[in-house]
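The values are calculated or read from the model by the stated rules, or taken from the named source; none is laboratory data. Only a predicted model underlies this, so the values are computations on that prediction, with no experimental measurement involved. Every residue, glycine as well, gets a Cβ built from its backbone with ideal geometry; the counts of neighbours run over all protein chains shown.
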Amino acid sequence: MSETRLMRLDSFTLVVVLGTICVLTGSGFGIGWWRYRTEPALGHATTAFGLTALGCFLYLARGRIPDLLTIDIANAALFAALAIGWNAIRAQNGRQCLVWPLVLSCGLWLALCRFPPFYADTTLRTAAASLLIAGLSLGCLFEFMRLKNGARPIRMLLLVACAGNAAGFLLRGIYSLLAWYSGGSIADNIWVSLALLGALIFICALVLGSLWLWQERVFGQLQHEVEVDPLTGILNRRAFERGAVELLKGSRADRETLSLLLIDIDHFKLVNDQFGHLAGDLVLRIFADAVGDELRKMDLFGRFGGEEFVVLLRGADLDDALQVAEKLRVRISRLAVPWQDVLIRLTVSIGVAAAQERATTLFDLIGRADRGLYSAKGSGRNRVVIAARS
C-alpha cells in the first residue's frame with residue numbers, strides 16, 4: 001500500500017471516528033435537552049454536534065453525491081456547528097447568543113462557492129475553510145476564557161484543546177494560501193491528516209469538558225434546591241444551621257463576635273385567614289427581600305419555619321445587633337404589601353442574642369434569642385428585646 005493510499009485511509013478513518021463521536025455525543029445532549037428544556041446550552045450543544053456529524057458524513061460521500069452537498073453544505077454545516085458551539089459556551093456563561101458568527105461564516109463560504117475559479121481550486125477552498133474554522137475556534141477560545149464555572153483542570157483542558165484547534169487550522173490555512181500563491185497543491189498532504197487529528201482531539205476534549213461542566217451545573221442546581229427555601233429564595237433551616245455552626249467554629253478560633261436575630265412576623269396567621277395563602281406567600285417574599293436588602297453579604301439569613309426568620313451577624317456585638325434589629329423593625333413597619341385593592345401592613349418582633357463566650361453553641365444562641373422573641377411578643381409585639389440569660 002502506498003503512502004498516499006495510507007494517508008487517505010487515515011483521513012477517512014479519522015472522519016468516520018469524528019462523525020461517530022459527534023452522533024453519540026449529540027444524541028446524549030439531545031436526551032438531556034429533552035428533559036431540561038429550560039437549558040439553552042444543551043440545545044445549542046445538541047445542534048452543534050449534530051451539524052458536525054452531518055458535515056463529516058457528507059464529506060465521506062464525496063464522489064457519490066453532488067458536490068453541492070459534499071463541498072458547499074458539508075463545510076457550511078461545520079462552520080454552523082462551531083458558531084452554534086460558540087453560543088453554547090455563551091449560554092453556559094449566561095450570556096446572550098450571537099447570530100453574526102453563524103451568518104458571516106456560512107454566508108461568506110456559500111458566497112465564495114458561487115465563484116467558479118474558487119470552487120474549482122481545492123487548495124484555495126482549503127485555505128478559506130481552514131481560516132474560517134480557525135476564526136470560529138478563536139471565538140470559542142475567547143468564551144472559554146470567560147467561563148465562570150468549572151474546575152481549573154477542566155477549563156485548562158478546554159482552553160488548550162481550543163487553542164490547539166485554532167492554531168492547527170490557522171497554520172493549515174496559511175500553508176494552503178502559500179501553496180496556492182506558488183501554484184502548488186496540498187492534495188494528499190500530511191496537513192490534511194494533521195488537521196483532522198487536531199479536530200478529533202478538540203472534539204474529544206470538548207465532549208469531556210462539556211459533560212463535566214454540565215455535571216457541575218446539575219450538581220449546583222441540586223445543591224441550590226436542597227439549601228434554598230423555594231418561596232423566599234433565602235437559606236432554609238438546614239442550610240442556615242450548617243452555615244451557622246461553621247461560623248461559630250471559626251469565631252472561636254478567630255475570636256470573632258457573632259450575634260443572632262430571631263424574627264417573627266406579627267399576626268401573620270391573620271394575613272392568611274383574611275387575604276388567603278397567596279397573599280401570605282407574597283408577604284413572605286417581599287419581607288425576605290426587604291430584610292435581605294439591609295444585611296451584608298457575609299451575614300447569614302434563613303427561613304427558620306413558617307413566618308419565623310433568623311439572621312446571624314458576623315463581627316457584631318450586642319450593641320451592633322441591637323442597631324441592626326431596630327433598623328429592620330422600622331423598615332418592616334413602613335412596608336406596605338399591595339394585594340388586590342388593599343395594602344397589607346406588617347410589624348415584626350425580634351429577639352437578639354450574642355455569642356460572646358467561646359463555649360456558645362448554636363442551640364444556646366437560638367434558645368436565648370427565642371426567649372427574647374417570646375418576651376417581645378408577650379410585651380405587645382413590634383419591638384426588639386435582648387435575650388435575658390437563664
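Filtered by the rule that a residue be touching a residue at least 60 places away in the same chain (Cβ under 8 Å) and either out of contact with any strand residue (DSSP E or B) (no Cβ under 8 Å at 6 or more places or on another chain) or part of a loop (DSSP other than H, G, I, E, B) (or both), segment 295-311 gives a lone residue, Gly305. Cβ-Cβ contacts under 9 Å between residues 6 or more apart (or on different chains), taken from a first residue in segment 107-133 that is over 19 Å from Ala83 (Cα atoms) and in the same structural domain as Tyr175 (by TED's automatic domain parsing) to a second residue that is surrounded by 14 or more Cβ atoms within 10 Å (Cβ to Cβ) and charged (D, E, K, R), are listed as Cys113/Asp72; Cys113/Arg125; Phe118/Arg125; Tyr119/Asp72; Tyr119/Arg125.
One line per residue, one yes/no per condition, for (1) of a type in the set (A, V, I, L, M); (2) surrounded by 14 or more Cβ atoms within 10 Å (Cβ to Cβ); (3) out of contact with any Phe, Trp or Tyr (no Cβ under 9 Å at 6 or more places or on another chain):
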| site | (1), (2), (3) |
| --- | --- |
| Ser251 | no, yes, yes |
| Asp254 | no, no, yes |
| Asn272 | no, yes, yes |
| Leu335 | yes, yes, no |
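Considering each of Arg37, Arg114 in turn, give the residue that is at pLDDT 90 or above, basic (Lys, Arg), surrounded by fewer than 18 Cβ atoms within 10 Å (Cβ to Cβ) and not in a helix (DSSP H, G or I). Answer to the selection: Arg114.
Let's see how each residue does on (1) in contact (Cβ under 8 Å) with a residue 24 or more places away in the chain; (2) assigned to a helix (DSSP H, G or I); (3) farther than 23 Å from Leu235 by Cβ; (4) assigned by TED's automatic domain parsing to the domain that holds Thr257:
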position	(1), (2), (3), (4)
Ala279	yes, yes, yes, yes
Leu313	yes, no, no, yes
Ala321	yes, yes, no, yes
Ser349	yes, no, no, yes
Val352	yes, no, no, yes
Ile366	yes, yes, no, yes
Gly380	no, no, yes, yes
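Ile366 fulfils the conditions (1) closer than 24 Å to Gly276 by Cα; (2) under 38 Å from the mean Cα position of the chain (by Cα) except for a single criterion, (1). When the residues of segment 283-298 are filtered to those that are of a type in the set (A, V, I, L, M) and in contact with a helix residue (DSSP H, G or I) (Cβ under 9 Å, 6 or more places away or on another chain), the one that is farthest from Lys377 (Cα to Cα) is Leu295. When Gly85, Gly50 are screened for being among the small types (Gly, Ala, Ser), part of a helix (DSSP H, G or I), surrounded by 22 or more Cβ atoms within 10 Å (Cβ to Cβ) and in contact (Cβ under 8 Å) with a residue 12 or more places away in the chain, only Gly85 passes. You will find that of Asp289, Asp264, the residue that is charged (D, E, K, R), part of a strand (DSSP E or B) and touching a Gly at 6+ places or on another chain (Cβ under 9 Å) is Asp264 and no other. Looking at segment 95-110, can you tell me whether even one residue there is of a type in the set (S, T, N, Q) and surrounded by 15 or more Cβ atoms within 10 Å (Cβ to Cβ)? Taking every residue of segment 95-110 in turn, at least one turns out to be of a type in the set (S, T, N, Q) and surrounded by 15 or more Cβ atoms within 10 Å (Cβ to Cβ).
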